[in-house]
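Following: one structure in structure tokens, then a few remarks.
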Amino acid sequence: MDYDFLDVSGAATLAGSLLLQLEDGFLPAVADTFVIVEADGGLGGTFDHVVGLDGSRWSVSYLATSVVVAFDGMSVPEPGAAYLGLGGLLILLGYRRKHR
């Protein structure tokens, strides 16, 4: 394995936030999976939040003795702010031409 994971010899209870970040230069294929927790004595609970710190998106599967994350891709910023700024600029240019 070329990634970090937690191997528990007993039972594990999950809670809190799971923060995931890709290493520089590594981009898994969509649907690639990674076992991040293994607990021989079983798992209880779930993570409250799963956050991709670098814009990555993940889905989580909770199995009897393991937690598996699947890469869902990278988040793409919404262009709303850019469109709003461009619209404001066009209005200013139109106003300026009209009042010359």
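Quick notes
- Answer residue from segment 12-26, given it is outside any strand (DSSP E or B) and out of contact with any Ser or Thr (no Cβ under 9 Å at 6 or more places or on another chain) and is farthest from G73 (Cα to Cα) among those: G16
- One residue alone among D40, D32 is among the acidic types (D, E), touching a Ser or Thr at 6+ places or on another chain (Cβ under 8 Å) and modelled with pLDDT of 80 or more, and that residue is D40.
- Every condition in (1) at pLDDT below 95; (2) surrounded by 13 or more Cβ atoms within 10 Å (Cβ to Cβ) holds for F26 except the one numbered (2).
- Reported count of residues in segment 49-69, each being out of contact with any Leu (no Cβ under 6 Å at 6 or more places or on another chain) and either surrounded by 12 or more Cβ atoms within 10 Å (Cβ to Cβ) or modelled with pLDDT of 95 or more (or both), is 13.
The values are calculated or read from the model by the stated rules, or taken from the named source; none is laboratory data. None of the values given here were measured: they were computed from a predicted structure. In this analysis, Cβ positions are derived from the backbone assuming ideal geometry, glycine residues included, and neighbour counts consider all displayed protein chains.
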